Amino acid sequence: MNQPFSQSFTASGGSGTYSFSVVSSNLPASLSLSGYGVLSGTPTQAGSYSVLVSVSDANGCVGTASTAYNLVVTDATPTITGFAVVPNRVCVGSPITFTATIGNIAGSYSWSLENGGPPIGSPSPTTATAFNVVLTALGSGVQTFTLTVNSGGQRVTATTSLTVNALPIASLINNGPLTCAQTSVTLTASGGTSYSFTNSSGQVVPGSGNTRTVSSPGTFSVTVGDVNGCVSTTSTTVSQNLTNASVSISPSSATLTNATPSVSLTAVGSGMFLWSTGETSAVISVTTSGTYSVTLTSPGGCTASASVPVVGSDLTVTLELPQANFAAPGSVGNFLVNVFEVAGLPTSSGNVRITLTAPVGYTLSFASSLTSIQVSGGSSVPIDNSQWTVTNSLANRQLTLMMNSGAFINGGGESSLGFSITRTNANSGSTASITVNVADDLTMTYDGNLSNNVYARVINGL
C-alpha cells in the first residue's frame with residue numbers, strides 16, 4: 001500500500017498488435033490497466049482485488065483469460081504506540097526518557113526525534129520494537145517532541161509534550177571580611193524558597209531561612225530550591241584581615257627639666273592612634289610628667305597599646321622638730337613639714353598627697369586655718385596650711401593630707417605645713433620615730449622619683 005505497483009499481461013495465438021481491456025474488476029481507483037496490458041498505479045488502501053482481462057488482435061479476434069488475476073494489497077506503514085516522555089515535568093538539566101513501541105515494520109527502520117531544533121536521529125537502522133532514548137532537558141516551558149519512523153519507504157509520526165521548568169537564579173553574598181572588629185559575617189542568599197548552606201568542607205552550616213552567620217574564612221555554597229522543586233547552587237568566599245597591630249612610642253622614656261620643659265612623643269605603627277590625652281595624631285607634645293599611653297587600631301580592627309613614662313617634678317620632704325623630748329603625758333610640740341620640689345619643675349595642680357604617722361602613745365593635730373606656727377626653740381614662721389586638707393585620719397596617729405585644687409608647688413619651690421604632736425600614754429623612756437612621706441605617684445604627675453619620699457624624726461618619752 002502506498003507503493004507504486006506495476007504488472008504486465010501477455011497474450012499469444014493471435015496476429016498483429018494486441019489490445020488489452022478489463023472485462024470485470026473490483027480494483028481501487030488508484031489502479032488501472034493500459035491498452036498495452038500493464039496494470040499500474042499506487043494503491044492507497046489494503047485489500048484483496050481481482051481483475052478479468054480480455055485481449056483482441058489485429059484481426060478483431062477477442063480472447064478472454066481463463067482465470068481472473070488476484071491482487072492482494074497489504075498495509076506496510078509502520079506504527080508507533082505509547083509514545084511518551086518520563087517524567088513529563090522536569091527541571092532544566094534533568095534526564096528524560098522517551099519510550100514507544102514500534103510495530104508493522106518491514107525489516108529495519110530508522111527514526112528521528114525533534115522539538116523544533118536540529119533533530120536527533122538513529123545512528124543506524126534498527127529492528128528493535130522497543131524505542132528508548134535518554135536525553136537531557138534543555139530550554140524551558142512546554143515543549144512538543146515529534147518521533148518519526150521510516151520503514152520500507154513508509155513514514156509515520158507521533159508527538160508527546162514535556163514541561164521544562166527553569167532553574168532558580170541563585171545569589172549568595174557576604175558582608176565580610178572577617179577582622180578583629182568584625183568576628184563574624186552574615187551570608188545572605190536569594191532567588192528561591194528553600195536554602196541549604198555548606199562550608200568549604202561540604203559540612204552543612206546550621207540555621208534556617210536565607211541567612212547564616214559564620215566566623216571562619218573560606219568558600220561557602222548555597223543550594224537554592226523553588227516551588228517546582230528545581231535547584232541551583234552558587235558560592236561566595238569569606239576573606240579575613242587579621243593583621244596583628246603593633247605600636248611603640250619614641251622615645252621610650254623622657255624627662256622634663258627647666259631646660260626641656262616639653263617633650264615630643266611619637267607613636268610608631270600603621271593604623272589609627274588614640275593617646276591617653278585624647279589626641280589622635282602620631283606626634284604629641286607634653287609639658288607635664290606622667291605616664292602617657294597610645295592605642296593603635298589597625299585597618300583590620302586589631303588593637304595594640306604602648307606607654308611611656310615622662311619624668312618631671314621630684315618631691316622630697318623634711319620634718320623640723322628641734323625639741324623631740326616629751327617629759328610627761330600631755331606634753332605638746334609643734335613641728336614643720338617641708339615639701340620640696342627638687343627637679344626644677346612645678347607639680348600638677350591639686351593632687352600632691354603626703355602622710356604623717358606618729359608612734360603609739362602620741363597624737364597629731366593639723367589646723368588648715370593656721371598661717372604661721374612657732375616651732376619649739378624657734379620663732380614663728382609662715383606656713384601653707386590653707387592649701388592642704390586632711391583626707392583621712394587613723395585615731396589621730398596617722399594623717400593623710402592632699403593639696404587643694406588650684407594649688408601646686410613651684411619648680412625648685414616648697415610648701416611648709418605646721419603640725420602639733422601630743423604625748424598621750426607613751427611609756428617613759430620610750431624612743432620612737434615620727435615619719436612623713438610623699439605618697440607614691442605611679443602616674444608621675446607630681447613626683448617622678450619615688451626614692452626620696454620618706455623622712456623620719458626620732459622622739460623620746462622621758
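Here are the numbers for the structure shown:
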{"quantity": "Contacts under 6 angstrom Cβ, first residue in the range 345-368 being of a type in the set (A, V, I, L, M), partner surrounded by 21 or more Cβ atoms within 10 Å (Cβ to Cβ) and in a loop (DSSP other than H, G, I, E, B), 6 or more apart", "calculated": "Leu345/Leu256; Leu345/Gly312; Leu345/Ser313; Val352/Tyr446; Leu364/Ala358"}
{"quantity": "Checklist (1) farther than 22 Å from Asn449 by Cα; (2) modelled with pLDDT of 95 or more; (3) of a type outside the set (D, E, K, R) applied to Gly271, failing item", "calculated": "(2)"}
{"quantity": "Residue within the range 180-188 that is within 51 Å of the chain's Cα centre (by Cα), surrounded by fewer than 18 Cβ atoms within 10 Å (Cβ to Cβ) and part of a strand (DSSP E or B) present", "calculated": "yes"}
{"quantity": "Filter result (modelled with pLDDT of 95 or more and closer than 30 Å to Thr287 by Cβ) within the range 341-367", "calculated": "Arg353, Ile354, Thr355"}
{"quantity": "Pairs with Cβ under 7 Å, 6+ apart, first in the range 191-216 and within 20 Å of Gly229 (Cβ to Cβ), second among the basic types (Lys, Arg) and assigned to a strand (DSSP E or B)", "calculated": "Phe197/Arg212"}
{"quantity": "Among (1) modelled with pLDDT of 95 or more; (2) on the phi > 0 side of the Ramachandran plot, the one test that Gly153 misses", "calculated": "(1)"}
{"quantity": "Single residue of Ser110, Ser34, Ser50 found to be within 28 Å of Gln154 (Cα to Cα) and in contact with a Phe, Trp or Tyr (Cβ under 7 Å, 6 or more places away or on another chain)", "calculated": "Ser50"}
{"quantity": "Test: residue in the range 9-16 that is of a type in the set (A, V, I, L, M, F, W, C), part of a strand (DSSP E or B) and surrounded by 13 or more Cβ atoms within 10 Å (Cβ to Cβ)", "calculated": "no"}
{"quantity": "Test: Val227 is crowded, with 17+ Cβ neighbours inside 10 Å and touching a residue at least 24 places away in the same chain (Cβ under 8 Å)", "calculated": "no"}
{"quantity": "Hits in the range 189-208 - residues which are part of a strand (DSSP E or B) and surrounded by 12 or more Cβ atoms within 10 Å (Cβ to Cβ)", "calculated": "Ala189, Ser190, Ser194, Tyr195, Ser196, Phe197, Thr198"}
{"quantity": "Tabulated pairs, the range 55-67, first in the same structural domain as Leu39 (by TED's automatic domain parsing), second of a type outside the set (A, V, I, L, M, F, W, C) and exposed (fewer than 11 other Cβ atoms within 10 Å of the Cβ), C-beta under 7 angstrom, 6+ apart or interchain", "calculated": "Asp57/Ser15; Ala58/Ser15; Ala58/Thr17; Asn59/Ser15"}
{"quantity": "Subset of the range 45-73 [surrounded by fewer than 13 Cβ atoms within 10 Å (Cβ to Cβ) and not in a strand (DSSP E or B)]", "calculated": "Gln45, Ala58, Asn59, Gly60, Cys61, Ser66, Thr67"}
{"quantity": "Residues of the range 174-198 satisfying the condition of being β-branched (Val, Ile, Thr) and either modelled with pLDDT under 95 or outside the structural domain of Thr234 (by TED's automatic domain parsing) (or both)", "calculated": "Thr179, Thr183"}
{"quantity": "Matching option when the condition is under 17 Å from Ala76 (Cα atoms) and surrounded by fewer than 13 Cβ atoms within 10 Å (Cβ to Cβ), among Gly139, Gly103, Gly117, Gly107", "calculated": "Gly107"}
{"quantity": "Selected residue (criterion: farthest from Gly301 (Cα to Cα)) from residues of the range 153-177 that are assigned to a loop (DSSP other than H, G, I, E, B) and in contact (Cβ under 8 Å) with a residue 24 or more places away in the chain", "calculated": "Gly153"}
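Listed here are the residues, each with its yes/no results for (1) assigned by TED's automatic domain parsing to the domain that holds Ser184; (2) farther than 26 Å from Asn175 by Cβ.
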| residue | (1), (2) |
| --- | --- |
| Pro206 | yes, no |
| Arg212 | yes, no |
| Leu265 | no, yes |
| Gly271 | no, no |
| Thr280 | no, yes |
| Val286 | no, yes |
| Thr291 | no, yes |
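Per-residue answers, yes or no, for (1) touching a helix residue (DSSP H, G or I) at 6+ places or on another chain (Cβ under 7 Å); (2) buried (at least 18 other Cβ atoms within 10 Å of the Cβ); (3) more than 17 Å from Ala324 (Cα to Cα):
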position	(1), (2), (3)
Ile354	no, yes, yes
Tyr362	no, yes, no
Leu370	yes, no, yes
Ser376	no, no, no
Ser379	no, no, no
Asn385	no, yes, yes
Val390	no, no, yes
Phe408	no, yes, yes
Ala426	no, yes, no
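A quick yes/no check of all residues on (1) farther than 23 Å from Val352 by Cα; (2) in contact (Cβ under 8 Å) with a residue 60 or more places away in the chain; (3) not hydroxyl-bearing (Ser, Thr, Tyr):
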residue: Ser415; (1), (2), (3): no, yes, no
residue: Ser420; (1), (2), (3): no, yes, no
residue: Asn427; (1), (2), (3): yes, yes, yes
residue: Leu442; (1), (2), (3): no, yes, yes
residue: Leu450; (1), (2), (3): no, no, yes
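The values are calculated or read from the model by the stated rules, or taken from the named source; none is laboratory data. No experiment lies behind these values; they were computed from the predicted model shown. Note: ideal-geometry Cβ built from the backbone for every residue, glycine included; neighbour counts use all protein chains shown.
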